[in-house]
Amino acid sequence: VQFVESGGGLVQAGGSLRLACAASGSIRSTNPMGWYRQAPGKQREWVAGVSSGGTTYYADSRKGRFTISRDNAKNTVYLQMNSLTPEDTGVYYCYADQSTRYWGQGTQVTVSS
């Protein structure tokens, strides 16, 4: 299983970014996927997920600002992030679940005030 993450970068507070994570190998549309974030000096925290059936789930702090989606034809999961604040800064990791959880390499998001 391999992932290619993209879309991270530096943005001002109030701005938007769209992350993408393309999975290859054995990952299929039947596998739940999602995103975690790891802020500097903190543990990795779950941000959002999408089930094999397309149901989406969000951490309370991201509801209304973040949107997760997936393109099954491309085996890709996206995270649209709006109204970003400096507290959203961190490395964002995508994941996919089979019998184990597979992780992407992470993409840095930095939100300046």
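The values are calculated or read from the model by the stated rules, or taken from the named source; none is laboratory data. For clarity, every value in this text was computed on a predicted model and none was experimentally measured. Note that each Cβ is placed from the backbone with ideal geometry, even for glycine, and that neighbours are counted across all protein chains shown. Heads up: the accessible areas ignore ligands, DNA and RNA and are worked out on the full protein's heavy atoms, side chains in. Shrake-Rupley method; radii C 1.70, N 1.55, O 1.52, S 1.80 Å.
With all protein chains kept in place, the per residue accessible area of the range 34-85 amounts to 52 square angstrom at a probe of 1.4 angstrom. Given their separation in residues at 0.36 nm each and the Cα-Cα distance between them, SER83 and SER6 gain 25.8 nm when the chain is fully extended.
For THR76, the shell of other residues with beta-carbons less than 15 Å away shows a net charge of +2, using +1 for Lys and Arg and -1 for Asp and Glu. Applied to the range 47-60, the Karplus parametrisation 6.51 cos²θ - 1.76 cosθ + 1.60 on θ = phi - 60° returns per-residue 3J(HN,Hα) values of 10, 6, x, 9, 7, 4, x, x, 6, 10, 9, 9, 5, 3 Hz, with x for Gly and Pro.
The listed residues VAL4, VAL91, once ranked by accessible area (1.4 Å probe) with the largest placed first, stand as VAL4, VAL91. What a 1.4 Å probe finds exposed on the chain is 47% carbon and sulfur by accessible area, rounded to a whole percent. Highest GNM mean-square fluctuation among LYS74, LYS42, LYS63, for the chain modelled with Cα contacts below 10 Å: LYS42. Taking θ = phi - 60°, what integer Hz values does the Karplus form 6.51 cos²θ - 1.76 cosθ + 1.60 yield along the range 32-41, in sequence order, with x for Gly and Pro? Result, rounded to whole Hz: x, 9, x, 9, 10, 10, 10, 7, x, x.
Here ARG62 sits with roughly 10 square angstrom of accessible surface, probe radius 1.4 Å.
If you run the Gaussian network model on the chain, springs between alpha carbon atoms under 10 Å, then out of ARG18, ARG70, ARG37 the most flexible one is ARG18.
For the range 106-113, the Karplus equation 6.51 cos²θ - 1.76 cosθ + 1.60, evaluated at θ = phi - 60°, returns couplings of x, 9, 7, 10, 10, 10, 8, 8 Hz by residue, with Gly and Pro reported as x.
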